[in-house]
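Please read the structure below before turning to the comments.
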Amino acid sequence: MLTNQTITRRKSNRTLAKIWKEHGAKYLLILPFALLFIVFTVIPVITSMIISFTSFNMLEAPSFVGLRNYINLVVNDDIFLIAVKNTLFFALITGPISYLMCFVFSWLINELTPKVRAIMTLVFYAPSISGNAYLIWKLIFSSDMYGFANSWLLRLGLVTEPILFFDTKQYVFPILILVQLWLSLGVSFLAFIAGLQNVDKTLYEAGSIDGIKNRWQELWYITLPSMRPQLLFGAVMQITASFSVSQLSIELAGFPSVEYSGHTILTHLHDYGFIRYEMGYASAIATILFFTMLFTNIIVQKALRGVGA
């Protein structure tokens, strides 16, 4: 006589066999990517979380210290608190603005003819892939009279001597925000253009019959819901970019920046991970940053799922 456990197991096996028969080819196709993702993303993230509870200098074996790294970050590390404040403020400004910029520019460019659209897409996308993009802004905000900004200000008589832009606390952060916004039209921008191109044009005709009267209603009730996957992808990319600013600050403001005015969480991680080699402490910083970005992504994606409702 068959037991309930045996019957359940047989049903489960039949279900798995049915799923494999219907979708086995798809699983085989994603298997290489899944393996790479697990090996180079999932395992390193889990390993970093484990190391965050240890003291590890890469020369000696890790020693377990419990929550000491996290306690030191919050209680004793004043620079980390400055980095958290700078990062959150930076993300709060550049994240939403860059996201809106990506969508607005892609929406406007989408209305152009194909040839003009291709040219304008390249013009807007180029800064995000420019390897030496920082050099331009170094020249503009150079601290001597040969810097473009200082040269213009001196000619207009607005200042009497060159401004030390990257050596003055009040100028560093606004410049970093400006440059980050200039660089922000990247993958999200291209995804939005692709999403707009794939919106079914017959939906607009059906919408006009159902009572949609202007372009704003078309945008809210048809365009945005139709490209929700691209909107979610763009949100993830822009949040990641706004929270992971490090090289920009180091290249422009130096390391460390004046009074840590350009110091971010990722810059702090760079300090402890690649200069001091305190890998346990650096892993604790990385873990906090990871969960901050994860929490922000969940909130934003829930908000975007209500678009067009």
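In the chain, once you exclude exposed GluC sites (Glu not before Pro) (DSSP loop, at most 11 other Cβ within 10 angstrom), what's the longest stretch remaining? Mind dumping the intermediate values first?
Values: sites that count: Glu60, Glu111.
My reading of the result: 112-309 is the longest stretch.
Any idea how far apart Phe255 and Asn76 come out in nm if each label point goes 7 Å out from Cα toward Cβ?
Between Phe255 and Asn76, the label points sit 2.4 nm apart.
Could you pull out which residues in the stretch 65-100 have an amide N less than 18 Å from a spot 7 Å beyond the Cα of Phe291, following the Cα-Cβ vector?
Hits in the stretch 65-100 for Phe291 at 18 Å: 65-77, 80-81, 84-85, 88.
Viscosity 1.002 mPa s, temperature 20 °C: what is the translational diffusion coefficient of the stretch 136-278 from Stokes-Einstein with a Kirkwood Rh over Cα pairs, rounded to a whole number of µm²/s?
Details: Rh = 18.7 Å.
The calculation lands on 115 µm²/s.
Greater than 29 Å separation of Cα atoms is the criterion. Which listed pairs, Lys26/Lys115; Lys85/Lys138; Lys85/Lys302, meet it? Mind dumping the intermediate values first?
Working: Lys26/Lys115 36 Å; Lys85/Lys138 25 Å; Lys85/Lys302 25 Å.
As for pairs spanning more than 29 Å Cα to Cα, those are Lys26/Lys115.
What spacing in nm lies between the two simple spin-label points modelled at Leu164 and Ala17, each 7 Å away from Cα in the Cβ direction?
Between Leu164 and Ala17, the label points sit 7.8 nm apart.
Compute the distance in nm between two label points, each set 7 Å from the Cα along the Cα-to-Cβ direction, one at Asp200 and one at Ile299.
3.5
Please find the FRET efficiency linking Leu100 to Phe33, where r is the Cβ-Cβ separation and R0 is fixed at 35 Å, and quote it to the nearest 0.05.
Once the sixth-power term is evaluated, E becomes 0.65.
Can you give the relative contact order of the chain as a percent, counting alpha carbon pairs under 8 Å and 6+ residues apart? Walk me through the numbers on the way to the answer.
Working: 317 pairs, mean separation 81.1, N = 309.
Contact order relative to length: 26 percent.
For the chain, set up a GNM with springs between Cα atoms under 10 Å and report which of Val65, Val245, Val42 has the largest fluctuation.
Of Val65, Val245, Val42, the Gaussian network model singles out Val42 as fluctuating most.
In the stretch 155-309, carbon and sulfur make up what percent of the accessible area (probe 1.4 Å)? Kindly include the intermediate steps, with their values, before the conclusion.
On the way: 4920 of 7930 Å².
Summing carbon and sulfur atoms, their accessible area is 62 percent of the total for the stretch 155-309.
Rounded, prolate or oblate for the stretch 119-159? Axes are the square roots of the Cα gyration tensor eigenvalues, ordered a ≥ b ≥ c, and the cut-off for rounded is a/c under 1.5. Let's see the in-between values first.
Working: a/c = 5.58, a/b = 2.23, b/c = 2.50.
Oblate.
Calculated from DSSP H runs of 4 or more alone, at -39500 (n - 2.57) each and per residue, what is the 222 nm mean residue ellipticity of the chain, nearest 500? Walk me through the numbers before you get to the answer.
Numbers: 15 runs with 201 residues, N = 309.
It comes out at -21000 deg cm²/dmol, rounded to the nearest 500.
What would the Debye equation give as log₁₀ I(q)/I(0) for the chain at q = 0.11 Å⁻¹, counting only Cα atoms as equal point scatterers?
Values returned for q = 0.11 Å⁻¹ are -0.92.
For the chain, which longest stretch is free of loop sites, where a loop site is one of the trypsin sites (Lys or Arg not before Pro) that DSSP puts outside H, G, I, E and B and that has at most 13 other Cβ atoms within 10 Å? Working shown, then result.
On the way: sites that count: Lys201, Lys213, Arg276, Arg305.
Here the longest run is 1-200.
Given a 10 angstrom Cα cut-off, can you work out which residue in Trp182, Trp20, Trp107 is the most mobile in a GNM of the chain?
Trp20
Please work out the Cα center distance from the stretch 148-168 to the stretch 102-122, rounded to the nearest Å.
36
The values are calculated or read from the model by the stated rules, or taken from the named source; none is laboratory data. These numbers were taken from a predicted model, which means no experiment stands behind them. Every residue, glycine as well, gets a Cβ built from its backbone with ideal geometry; the counts of neighbours run over all protein chains shown. Quick note on the areas: whole protein, heavy atoms, side chains included, nothing else; ligands and nucleic acids left out. Shrake-Rupley method; radii C 1.70, N 1.55, O 1.52, S 1.80 Å.
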